[in-house]
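Down below is the structure, laid out as structure tokens.
Values in this text are rule-based calculations from the coordinates and carry no lab data. Since this is a predicted model, take the numbers as computed values, not measurements. Cβ atoms come from the backbone with ideal geometry, glycine included; neighbour counts cover every protein chain shown.
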There are 2 protein chains.
Amino acid sequence: MTAPDRGFREEEFASRTARAQERMAEAGLVGLLLTTEPEVRYFSGFHTLFWQSPTRPWFLFVPATGKPIAIVPGIGADLMRRTWIDDIRTWDAPVPEDDGVSLLTDLLTPYAQRGETIGLMKGHETHLRMPLADYERLLAGLGALQIADATGLVRSLRMVKSEAEIEKIAHICAIGSRTFARVPHFANAGQPLENLFRAFRREGLAQGADDVPYLVGGADTGGYRDVISPPSRRPLATGDILMLDSGANWDGYFCDFDRNYAIGSADDASRWAYDILWRATEAGIAAARPGATCRDLFLAMQGVIAEKDDQGGDVGRFGHGLGMQLTEWPSHAAWDTTEITENMVLTLEPSLGYGDGRIMVHEEDIVVRAGGARLLTERAAPELPII
Amino acid sequence: MTAPDRGFREEEFASRTARAQERMAEAGLVGLLLTTEPEVRYFSGFHTLFWQSPTRPWFLFVPATGKPIAIVPGIGADLMRRTWIDDIRTWDAPVPEDDGVSLLTDLLTPYAQRGETIGLMKGHETHLRMPLADYERLLAGLGALQIADATGLVRSLRMVKSEAEIEKIAHICAIGSRTFARVPHFANAGQPLENLFRAFRREGLAQGADDVPYLVGGADTGGYRDVISPPSRRPLATGDILMLDSGANWDGYFCDFDRNYAIGSADDASRWAYDILWRATEAGIAAARPGATCRDLFLAMQGVIAEKDDQGGDVGRFGHGLGMQLTEWPSHAAWDTTEITENMVLTLEPSLGYGDGRIMVHEEDIVVRAGGARLLTERAAPELPII
């Protein structure tokens, strides 16, 4: 299987920026200040794992017209120069007493003097990636500058993927599917769960993933009780229900889906739970059409799950957006009335509780096209597979 | 090699909490509100990769006396119940209009009514991991509550490691050393760098790492120019200088070090740069004794590097703390006068520029004991290795 090209053509960044600027104009914003990895990458193409170090802040400012402006630590200047960005301002970070604050102040002072409004992401599923004290100090030096929440603006752009983005996500979903297809070959009774996790990650890399940063799961007799744990040393045992949920990535884009397996034999309750979730996912696939809402998707899946669920819904939702992040807006939940549109990439992730604290989750990744959902993952088997 | 036990004994969390509470009392803080993964884990033992999803905030509150209180999404309740925490308050996150804000308000209102002060991490190398708009809304509902920066307090605890923490870091450093020792067996001319990265990650997992989340590097004729890039498809070529810098982890603790190699043959300038950095690291190792400062370490390394450096110092520092995060306080820089004390775990990471934009970096991990530094990594070869 041939991998797509890495990176994007400059036109893609120009188009993203132009669309942001249109919406900024509509919203009365003269600029957009971005501090988080996906947003900086979305508008600049700046792609590095160095964000894993919490030491240095990184800033990108999208003005009302023209290319974005980067304000970044000197250690990133070389890499930023290889993007489409021209205006790159650096300092020798880390410098705790002035980690970019002076450079930001210089940039923003003209806007402040005119009492204008810039956008900042302050809403759901966002955070400010700079020391809070630095932010407070920055604001204090920019008295009349107005700050508006730009979460909705950025969200509206990022939720709908370009063909180049969809190609990358489809690629990593195929890698993930091939990895899961190999699980019966390297999982077995007696194997400590941490060893299985390691084998899964190695297989994902062998299949072509750049990394498998997210891997959680559970295994327990007749069903697992937790879906966010790191692996234990408990050996897999006959009668276990095993779930692996993985976010592998390629060129900065994620897949996010899981698979369930029974070890040796499957109990009736688990087989029943699996069947319900498999059918709930079918209902979600059928409902994921342009014009439907996330609430519609939730209700379509919930309608099947209502046959049997005692968990009280504490997983919070039945899937979400997918792309540069493992989880993105929107959420398939009763409270999310976001309209599904063409070229959204979504996960369908129904779950249920089925007694004694046992829960089961099931997840697929789809892209929404004009005619409806297209699976990006190889569909899970209709019956609980036995290893 | 036998791995240490996973997790910590309850006494460790009790001790961390008691020491925090002593310092809180000295600082006049009646509580400490924590929102970030390392801090929540440090005081609770709550360990999950689920933080990779930006959707849900997680909170831990350390009161003046007694165990911490967890305010977490329902999806994490089961895992939190397996820690030493007793008071666990949950909601069915995500709920954008109230993702924990009401629960935090209930908890903090008594303090607000008395006009008391709580600590929050607002300083260098920290961020607030919750939507900024939610934070502003929380504060607005807690009029008289005072917020003080608790970065120094938490930093003073986390910088000095327990024996159990040192054991975990030593374990992952040994895994990293064995992985680097294998590089000459799987790196070769003609191999695209992205394939080498994948092979390195697979080897790290085979050697026992839970994951190799951080892997950056460069390779170019006669020297690399960038140290934070993701891998390209450019094939390794004879005459390249290759650098791999890796943060592998085990049970939530990191190693962070790099190695340089010449492919086929090494040019004189690169061999000279390597020699300077190797000796600078020796100087750092000798200087890393209790009572010295980070500035002393920096100057010891800088004294050697001054023989030849044209980079202008834009890497910003020559090493840092290491533990639950890839990079932690303190920084080996002229501006950091933090006193080195026993049981700090540090990296020594001198770097230099040597013409035409080429840079070289070199890194080892140490633990500071009463008698001086003890290497946790297997010391790099004194001469630039040729593959």
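Listing for the model above:
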| quantity | calculated |
| --- | --- |
| Percentage relative contact order, the stretch B:10-158, counting C-alpha pairs under 8 Å, at least six apart | 25 percent |
| Cβ-vector label at 7 Å, residue A:25, separations to other copies in nm | 6.3 |
| Qualifying lysines (Cα of each under 29 Å from Cα of residue A:122; at least 8 residues distant if same chain) | A:67, A:161, A:168, B:122 |
| Within the stretch A:165-189, backbone nitrogen closer than 19 Å to the virtual label 7 Å beyond the Cα of residue A:5 toward Cβ | A:165-172 |
| Expected 222 nm ellipticity per residue - DSSP helices of 4 or more, -39500 (n - 2.57), all of chain B, to 500 | -10500 deg cm²/dmol |
| Distance-filtered residues of the stretch A:250-279 - backbone nitrogen under 19 Å, label point 7 angstrom along residue A:191 Cα→Cβ | A:257-266 |
| Per chain A, cysteines lacking a partner by the 4.7 Å Cβ criterion | A:294 |
| Separation of the residue A:232 and residue A:286 label points, Cα + 7 Å toward Cβ, nm | 3.9 nm |
| Full-extension gain in nm, residue A:369 to residue A:106, via 0.36 nm per residue minus C-alpha separation | 90.2 nm |
| Bridge type composition, the protein assembly as shown - antiparallel percent by DSSP, nearest 5 | 75 percent |
| Paramagnetic label zone (point 7 Å from Cα along Cα-to-C-beta, residue A:225; backbone N under 11 Å) in the stretch A:352-387 | A:356-359 |
| R0 of 45 Å, Cβ-Cβ distance residue B:65-residue A:156: FRET efficiency to nearest 0.05 | 0.40 |
| Two-decimal Rg to Rh for the stretch A:163-375 - Kirkwood Rh, Cα set | 0.96 |
| Calculated FRET efficiency for the pair residue B:144/residue A:378, C-beta based, R₀ 60 Å, to 0.05 | 0.55 |
| Positive minus negative residues near residue B:232 (Lys, Arg vs Asp, Glu; Cβ under 9 Å) | +2 |
| Spin-label pair residue B:81/residue B:19, simplified geometry with 7 Å Cα→Cβ offset, distance in nm | 3.2 nm |
| Spread of Cα-to-Cα distances over 20 Å intervals beginning at zero, given as percent, for chain A | 27, 51, 21, 1 |
| Extreme residue, positive dipole direction of the stretch B:10-158, given options B:108, B:75, B:85 (C-beta unit charges) | B:85 |
| Using alpha carbons only: equivalent-ellipsoid semi-axes of the stretch A:329-377, gyration tensor based, whole Å | 25, 14, 7 |
| Rg ratio (alpha-carbon, reference 2.2 N^0.38 Å) - the stretch A:10-158 | 0.97 |
| Distances in nm from residue A:221 to the matching label points in the other copies, shortest first (labels 7 Å along Cα to Cβ) | 6.6 |
| Rg(Cα)/(2.2 N^0.38 Å) for the protein assembly as shown, N = residue count | 0.92 |
| Rounded to the nearest 20 debye, dipole of the stretch A:10-158 from Cβ charges on Lys, Arg, Asp, Glu | 280 debye |
